[in-house]
Amino acid sequence: MNNNTDSDPHFGSDQPPVYRQHAQEVLDRLDVEPGKGLGAQAASERLATSGPNRLREMEQIPAWRILLDQFTSPVVVLLLIAAILAALFARLVEAVAISAALLINAVIGFVTEWRARESIESLKRMGRMQARVRRDGRIDEIPADELVPGDIVLLQEGEMVPADLRLIETENLECNEAALTGESVPVAKATDPVDEVPLAERSSMVYSGTAVTRGEAEGVTVATGMDTEIGRISALVESAQTGATPLERRLERLARRLIYLVVVIGVAVAASGIVAGKELFLMVETAIVLAIAAVPEGLPIVSTVALGRGMWRMARRNALIKHLAAVETLGATTVILSDKTGTLTENRMVLRRLALPTGDVELSRADGRAEFRDGETVLDPARREDLMAVLKAGMLCSNAVQEEGQARGDPTEVALLDAGLAADLEPDALREDFPEQREESFDPETRQMATYHSADEAVLVQVKGAPEAVLAACTRVRNEGGELMALDETGRERWRERNQQLAADGLRVLALAEKRVADTNAPPYRELILLGLVGLYDPPRRTVAAAIARCREAGIRVIMVTGDHPATAGNIAYAVGIVDSPRPEVLMGEELSPAERAVSARERIGRTSVFARVEPEQKLRLVEGFQQQGEVVAMTGDGVNDAPALTQADIGIAMGRRGTEVARETSDIVLVDDAFESIVAAIEQGRIIFDNIRKFVVYLLSGNLGQILGVSAAALVNAPLPLLPLQILFLNLLLDVFPALALGVGRGSRAVMRRPPRDPREPILTSGHWWAIAGFGLLMAVALLTVFAYALQVLELDVEQAVTLAFLTYGFARLWHSFNMRSLDMGVFRNDITGNPWVWCAIALCGLLLVGALYTPRVAEVLRVAPPAPGHWPVILGSSLIPLVLGQTAASLLRRRDPAA
């Protein structure tokens, strides 16, 4: 059943939804008597028609498919082709090296994503629940998945609702629907039909997957399985598009460019060498090796390791990443759509303000202390009889208890108990002084609750409830002197205005009253003495405001999307810094659908930062709307109602403590501590990781370009080749992995959160980066050819010795080239590269292996190199520093010209 429409698929398109119909109408249409229930045969027939009361199973992705997906990236395909070409031309070392890199990358990706492919299987566990039903006049307990439309279900406190039910009998029923609607307090239920209202206000219905927190009820099953509200959300999750992440799309674009580059290089080098008269086989071999060298073998594995390192760092900051690519995507986030309850707030009720006959009193909490304040004056509650009277009434007219230092019970009553404790009232002592004689439980119809207590020779009646109801029952109020005064209609109107002011500030308002009677048989809700009003709210987390301020500094827009009341949403949004006005513009969920109203609200959506009374499908459409505007959207949530939007968002972020299992499994990131500031830390890490990816991509491509330019230039002028094919392969095996890995795990610049988000359409390499690659590549080619020509012409060495000098010069030049990758907003000598111990380790290791190759006879013979003379080392090291010195000079000039670079 789709409860969000004006029709009902069970009863025909001409019928209103069941929450708008009288209970007897629904029973008649389902052909069931509430006192008898369905018969066994009717239940069996309906089960065959409607199917089991469980959600549709989603197709499981097999392990082989997850493994195969690791090889579908264009970069990986390109490397596979390179490995095959190397094997065909007997370059087994290169073929094995590339294959090993691909295998390691696939294993890392497979292991990290195996669990990430789980979807909403936890939803199906509702089928394991038991349900109490009335069939053939008897109460039976049956598996919940055997429920059918028309079943009479019995509910009591502490149970989960097994299907969507139209209530037919209630006794003080309240349900916690936070996971479905976002409401932070239990919702009172009744049997009366309601008008067309949002899901959170359909008091005549209870929904599958929600919890009964108080009272008892009977309801008739009107929807099971995929027809329930939770089933509709499940269908939305299935239909939500996950798509490729921005990083995956960028790597694909880069791979396509590399494919073109490889083809051009291979053809150009082979043709130029052949035209120059060089040996055909040597030039074809060299062209193939250079083409393979143009493909950065380390790119997939370094990307995977860099992302994996980011996952580890985020885990230390309480953000568990389920998808590798989500690490970088979070860094590209431009908009965060945040749920309110449990994400920005603490998901508990506290008393904030008391409206007393003598004025308003604020209850503030800071550094673990609670203070009652009248303006700037700190009050001693014991000296204020009117304040103590309200607090005592709140503690006595309650079922909340204190166990082992923790208050337990209904969230509202827990808040009243905590407020009394803040005034040093002891609940046990208070109940000993005023023993409870009788309780008039909360009734959704009267919207009040009363308790009767022994008090000297009389009975003290304490009442709390909805302000409108309590005010109507009050005939007196105490003045500032403590004397009882008549409360006429004019006085009631003034109190109603105070109630409206509290509600406008986003507070949930209750009224408290009392009277003394002769015995416990006196009616509770007549001739009451008004004590005052109390305003309660779900307080924002203490650390959220600072985290949102960091988001704003980083150019990230934070938007609240909640199912809660608009006044409450606006108040919290102002308190945490999402909006600057205490009365912000709030857009209602109903304005996001249907489509024609969404079009009229499009301009408002662009400037609105608070959305209230938003239902699951509307959240999903809101995410899609921002994505269509080119935003990278992160969505936070903890409830079942958030699952579709979490799936659709570029990054779904679930709460680990308070979040439902559904939300956790459909998300990309799980916050272990439920802290919004962990998102900010993760965004910072994501930005650093993308910067690191850029650095090692520039490092890899510029280094490879240097040897391509050097060898190609020599071939064009018919000179000996400064690097031989096997030497190129050896250098790439060494220098494409270890220094790049070191760059990929750097800690990054502290300034990343003072920059605006990247343009989501911006590629990994911008035109500036391509110019940098060309410049660095040219500098390394110049260093390579300079030392090679110097060795041949000035030192008059033979070709093999000259090639050795060129080999070492290029190898060390690429090692020093790592320092050219520093962030431009940092100094030449103290920066993110010089402060990275892994860079120094990589340089030391590669330097030892480079020199060790000269003195290992077998390796030296294969590479056709020999140890240089001692006097040649200054030439080698001096020439190798050319790219570093000139590169740092250019970077300093660029920084001086453009300080924001």
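The values are calculated or read from the model by the stated rules, or taken from the named source; none is laboratory data. Just so we're clear, the structure is a prediction, and the values are computed from it rather than from any experiment. All Cβ positions, even for glycine, are placed from backbone atoms using ideal geometry, and neighbour counts span all protein chains on display.
Structure above, values below:
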| item | result |
| --- | --- |
| Check on Arg761, of a type in the set (Lys, Arg), closer than 30 Å to Gly637 by Cβ, in the same structural domain as Asp339 (by TED's automatic domain parsing) and at pLDDT below 85 | no |
| Candidates Leu792, Leu726, Leu721 - the one that is crowded, with 19+ Cβ neighbours inside 10 Å, touching a helix residue (DSSP H, G or I) at 6+ places or on another chain (Cβ under 8 Å) and part of a helix (DSSP H, G or I) | Leu792 |
| Check on Glu33, in a helix (DSSP H, G or I) and at pLDDT 90 or above | no |
| Residue match in segment 601-615 (condition: polar (S, T, N, Q) and either within 30 Å of Thr228 (Cα to Cα) or at pLDDT below 85 (or both)) | no |
| Residue match in segment 827-838 (condition: in a helix (DSSP H, G or I) and either hydroxyl-bearing (Ser, Thr, Tyr) or buried (at least 20 other Cβ atoms within 10 Å of the Cβ) (or both)) | no |
| Any hit, segment 847-854, residues being in contact (Cβ under 8 Å) with a residue 12 or more places away in the chain and in contact with a Lys or Arg (Cβ under 9 Å, 6 or more places away or on another chain) | no |
| Index of the failed condition, Val745 passing every other in (1) surrounded by 18 or more Cβ atoms within 10 Å (Cβ to Cβ); (2) at pLDDT below 80; (3) not acidic (Asp, Glu) | (2) |
| Residues being at pLDDT 85 or above, touching a Pro at 6+ places or on another chain (Cβ under 7 Å) and over 24 Å from Ser234 (Cα atoms) - total across segment 180-213 | 3 |
| Residues (under 22 Å from Ala518 (Cβ atoms) and in a strand (DSSP E or B)) located in segment 443-461 | Gln448, Met449, Ala450, Thr451, Tyr452, His453, Ser454, Ala455, Ala458, Val459, Leu460, Val461 |
| Residue ID - nearest to the chain's Cα centre (by Cα), chosen from residues in segment 192-234 that are among the polar types (S, T, N, Q) and crowded, with 20+ Cβ neighbours inside 10 Å | Ser234 |
| First in segment 25-54 and in the same structural domain as Ile139 (by TED's automatic domain parsing), second anywhere and in a helix (DSSP H, G or I) and among the β-branched types (Val, Ile, Thr), Cβ under 7 Å, 6 or more apart | Val26/Val18 |
| Selected residue [out of contact with any helix residue (DSSP H, G or I) (no Cβ under 9 Å at 6 or more places or on another chain) and β-branched (Val, Ile, Thr)] from Thr446, Thr412 | Thr412 |
| Any hit, segment 753-776, residues being within 26 Å of Gly852 (Cα to Cα), buried (at least 22 other Cβ atoms within 10 Å of the Cβ) and more than 28 Å from the chain's Cα centre (by Cα) | no |
| Matching residues in segment 164-191 - criterion: being under 29 Å from the mean Cα position of the chain (by Cα) and among the hydrophobic types (A, V, I, L, M, F, W, C) | Cys175, Ala178, Ala179, Leu180, Val185, Val187 |
| Residue list for segment 839-874, restricted to those being surrounded by 17 or more Cβ atoms within 10 Å (Cβ to Cβ) and closer than 15 Å to Leu741 by Cα | Val839, Ala842, Ile843, Cys846 |
| Segment 146-172, residues that are modelled with pLDDT under 90 and either buried (at least 21 other Cβ atoms within 10 Å of the Cβ) or among the aliphatic types (A, V, I, L, M) (or both) | Met160 |
| Residue, surrounded by the fewest Cβ atoms within 10 Å (Cβ to Cβ), within segment 6-25, restricted to residues that are of a type in the set (Asp, Glu) and modelled with pLDDT of 50 or more | Asp14 |
| Considering residues of segment 411-439 that are of a type in the set (D, E, K, R) and touching a Ser or Thr at 6+ places or on another chain (Cβ under 7 Å) only, the residue surrounded by the most Cβ atoms within 10 Å (Cβ to Cβ) | Glu413 |
| Set Val509, Val517, Val470: member being surrounded by 16 or more Cβ atoms within 10 Å (Cβ to Cβ) and more than 52 Å from the chain's Cα centre (by Cα) | Val517 |
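So that you can scan it fast, the table gives a plain yes or no per residue for (1) buried (at least 24 other Cβ atoms within 10 Å of the Cβ); (2) in contact (Cβ under 8 Å) with a residue 40 or more places away in the chain; (3) under 20 Å from Gly589 (Cβ atoms); (4) not aromatic (Phe, Trp, Tyr):
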position	(1), (2), (3), (4)
Gly606	no, no, yes, yes
Gln628	no, no, yes, yes
Val640	yes, yes, yes, yes
Ala654	yes, no, no, yes
Ser667	yes, yes, no, yes
Ile679	yes, yes, no, yes
